[in-house]
Amino acid sequence: MVRPGCSAPRPSGPKQPAPRPPNPPQQKQPKTKTQLLKPPQHKPSQLPLPRTPPPTQLPPNPASYSTTLRKAPTPPPPPAQYTEYTDQQLHPATHNPPTPPLTQSAKRTRTISTSSSGSAMSHHSITQTTTYRYCIRNILTAITSQKQLYNSILTFNLPLTNLKFNHNQSALIETKLPVAFDLSKKLQHLFGDPNVSFTQLSGPKPQTHTPKPPSFSCVIRNVDRDITESEILQAINLPRITRALRIISRATNLPTTFVRIITTSKSTLEHLLQHGICMFSRHYPCEPSHIPDPTPKYCSLCTKIGHLSSECTTRVQICPSCGENHKPNMCKPDTQPKCNNCSGPHPTYSFECTKRKEIPSTPAEAAPPKPADTQSVSSESSALPETAYYLRQTDFLRTIALTFIHLFPDRRSEVIQAIDQASQPFLNRRTWASFSGNVVAFSTPYIVIS
């Protein structure tokens, strides 16, 4: 019961909100002609989303799933193509032909940089520049440094690319454009000396002879003595074979059953080492020649044995013909050559010198080996993954062999033998090396199991 004068007790549950009265129905206004022609506008949050197709369901059977993947393999990337373009093709709108004519003193450099990733993508940039070379002679003795010379000729506003001050009071100047005015009179007026000259240097002299290509050799065993050299050359029938020479024994001075094949082609050498030759219905395998001992370093400046010109401490030019202190091209043509190391009747750089035939006492005095082919074979484009893997193995074996030969020049035979024994079980390949002086050619064929 509720006592008189007291209000009713409040309910213990949560407070219920008071019901709102229903909104009166709104009458839809008819659209006007302007609203009908106006395109519908959506708010950013109410933009219609594009419909996405439902995800493709994989087959429940794993075997059928692997079959589906095998039917649509990923195509291999196309091989990278390297094409050279001219400046007019790369920039047709900004190409302008050079106004000054090119002379013999113009030195051109052409640089092509290529960068490629795992995908078939190549980028080429061709830069062609022209440099004009001049020489200033009889400079005043008051100018003794590069800075003083630069500040002196700074008033002429030359388009300099290189300035080199020499201690014989001369300087080399390289410019982007040819110097149109006579700079000799201005230099004479600037230095106050009429003996100052400014001349344009001529271009490099053309080579009158081609360098002799290196020759490599391999050996054929158990060749009967009645087989002549002409019959061996006829049976080989490969290009660039110099000669077939039967080896003479040093002990008995009689011909042996070993025949040396000399060639100037690296591909011919690899073919002989891998396949051998067939004569009179018999197969003769070929093997690499004995690896020669290392030769000592030779300095082209002081003509001494044991170091290179880049390692020379005297920095004095000695003529290799007469032994005097002047450049080789300034020697008289009727001078009798005399070796500066063994005093023999030959130039110092000749391999007839007995000092150059001696084995270096330390590995640091041995001449570093040079590869016959400096181009990487793995850079060749190939669509077959097996071929690319084979080429990468070839570059790897060549790099390892050349590195260890350079580190241990007195153990060349042991290095090649160790790499050959390691590459057979792991890579199923052979590793051979053939030397022509300091030039070495590597051959790494697969082992063919018949």
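On full extension, the segment bounded by HIS290 and HIS346 gains 17.3 nm, given 0.36 nm per residue less the C-alpha separation. Restriction of the chymotrypsin sites (Phe, Trp or Tyr not before Pro) in the range 204-308 to DSSP coil positions whose beta-carbon has at most 10 other beta-carbons within 10 angstrom yields PHE280. With R₀ set to 45 Å, the beta-carbon distance separating LEU160 from THR354 gives a calculated FRET efficiency near 0.35. Taking amide H positions as modeled 1.01 Å from N, with prolines and chain starts lacking one, the residues under 5 Å from ASN166 and 5 or more places away or on another chain are ALA171, LEU172.
Among rounded, prolate and oblate, which fits the range 226-301 when a ≥ b ≥ c are the square roots of the eigenvalues of its C-alpha gyration tensor, a/c under 1.5 means rounded, and a/b larger than b/c means prolate? Here the range 226-301 falls in the oblate category. Computed from phi, the 3J(HN,Hα) profile of the range 276-292 under the Karplus parametrisation 6.51, -1.76, 1.60 (θ = phi - 60°) reads x, 9, 10, 10, 6, 6, 9, 8, 10, x, 10, 9, x, 5, 5, 6, x Hz, with x in place of Gly and Pro. Each peptide in 263-272, 389-398 receives the mean, over its residues, of other Cβ atoms within 10 Å, and ordering these scores from highest gives 263-272, 389-398.
Once the other residues with Cβ under 9 Å from the Cβ of ILE447 are scored (Lys, Arg +1; Asp, Glu -1), what is the net sum? Residues close to ILE447 contribute a combined charge of +2.
Close amide H pairs (under 5 Å, H built 1.01 Å from N) link THR161 with GLU174, THR175, LYS176, residues at least 5 positions away or on another chain.
Derived scalar couplings between HN and Hα for the range 195-200 equal 7, 5, 10, 10, 10, 8 Hz in order, rounded to whole Hz, by the Karplus curve 6.51 cos²θ - 1.76 cosθ + 1.60 (θ = phi - 60°), x for Gly and Pro. Counting 0.36 nm for each residue step from THR228 to TYR389 and taking away their Cα separation leaves a gain of 53.7 nm.
Using a cut-off of 24 Å between Cα atoms, the listed pairs LYS212/LYS266; LYS164/LYS185; LYS147/LYS185; LYS266/LYS304; LYS266/LYS338; LYS186/LYS327 include LYS266/LYS304; LYS266/LYS338; LYS186/LYS327 as exceeding that distance. Each part gets one Cα centre, and for the range 210-278 versus the range 396-446 those centres are 21 Å apart.
Couplings 3J(HN,Hα) of the range 253-266, computed from phi: 6, 10, x, 9, 8, 9, 10, 9, 9, 10, 9, 9, 10, 5 Hz, in residue order, whole Hz [Karplus 6.51 cos²θ - 1.76 cosθ + 1.60, θ = phi - 60°; x for Gly and Pro]. Descending by average beta-carbon neighbour count within 10 Å, the peptides 151-161, 167-177 line up as 167-177, 151-161, the highest first. Here's the list of aspartates and glutamates a cross-link from LYS357 could span, going by alpha-carbon distance under 12 Å and ignoring same-chain residues fewer than 8 apart: ASP293.
For ASP410, the accessible surface of its heavy atoms amounts to roughly 100 Å² (probe 1.4 Å, protein chains only, rounded to the nearest 10).
In this rough spin-label picture, where each label sits 7 Å from Cα along the Cβ direction, the ARG221-ALA142 distance is 8.1 nm. Relative protection proxy for 345-354, 332-341, from highest mean packing down: 345-354, 332-341 (other beta-carbon atoms within 10 angstrom). Modelled this way, with points 7 Å down the Cα-to-C-beta line, the labels at PHE280 and VAL316 are 6.3 nm from one another. Once the chain from LYS176 to SER197 is taken as fully extended at 0.36 nm per residue, the excess over their C-alpha distance is 5.5 nm.
The values are calculated or read from the model by the stated rules, or taken from the named source; none is laboratory data. Predicted model, so just to flag it, every value in this text is computed and none were measured. Backbone-built Cβ (ideal geometry, glycine too); neighbour counts: all protein chains shown. Just so you know, the surface numbers come from the protein's heavy atoms only, side chains and all, with ligands and any DNA or RNA stripped out. Shrake-Rupley method; radii C 1.70, N 1.55, O 1.52, S 1.80 Å.
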